[in-house]
Structures are given as C-alpha cells and as structure tokens.
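The values are calculated or read from the model by the stated rules, or taken from the named source; none is laboratory data. Just so it is clear, the model here is predicted, and its values are computed rather than measured. Virtual Cβ from ideal backbone geometry, glycine too; neighbours counted across all protein chains shown.
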Amino acid sequence: MSVHRNARCRGPYGGEGDQADGTDCSDPAVFEIVRYGLPPLPVCPVHLGPALLMASGVLWPPEIRLIGRV
Ligand SMILES: [Zn+2]
C-alpha cells in the first residue's frame, strides 16, 4: 500500500459538503484534478474524463496529478 492517503473518488461532479449528492462513486481515487479556488478533486480512472468536463473550478488546460496506482 504505497498510496499516501485513502482518497475516495468524488467524481464526476466534485461535490463538497452540501453539494456532495452527485458523488455516488466509492472507488479509490487514482488522480487528483487541480481546481481554481477549490480543494483538489480526487477521482477514479472512470470519472477522470467526466469530472474534467463537469466539475466546477477545473483549470483549462486541466492539471492532473497521479495520487494512486492505476
Ligand atoms: Zn469514480
């Protein structure tokens, strides 16, 4: 287990707090999408693409970090 934290996917909408209803994925996050004015959004590989298009605050071009193993 070399993953430094057990982040769960918050995709594809990137809801936080009261907006977390859209996040029904419970897969481990593999990528982290950097966002403007918001915490980075952890996502699984399946939701990486949709989250880039639908989550709020995503930079363009997107900035993505690998945080887990594929
Ligand atoms: Zn996911």
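Give me the pairs: first residue in region 38-66 and on the phi > 0 side of the Ramachandran plot, second residue of a type outside the set (A, V, I, L, M, F, W, C), beta-carbon distance under 8 Å, and six or more apart or on different chains, which are they?
Every condition considered, the pairs that remain are 57/14; 57/35; 57/36; 57/37.
So, residue 33, is that one at pLDDT 85 or above, in contact with a helix residue (DSSP H, G or I) (Cβ under 7 Å, 6 or more places away or on another chain) and more than 11 Å from the ligand (Cβ to nearest atom) or not?
Judged against the criteria, residue 33 is a match.
Filter region 38-54 for residues that are in contact with an Asp or Glu (Cβ under 6 Å, 6 or more places away or on another chain) and near the ligand (Cβ under 8 Å from one of its atoms) and give the result.
Across region 38-54, the qualifying residue is only 44.
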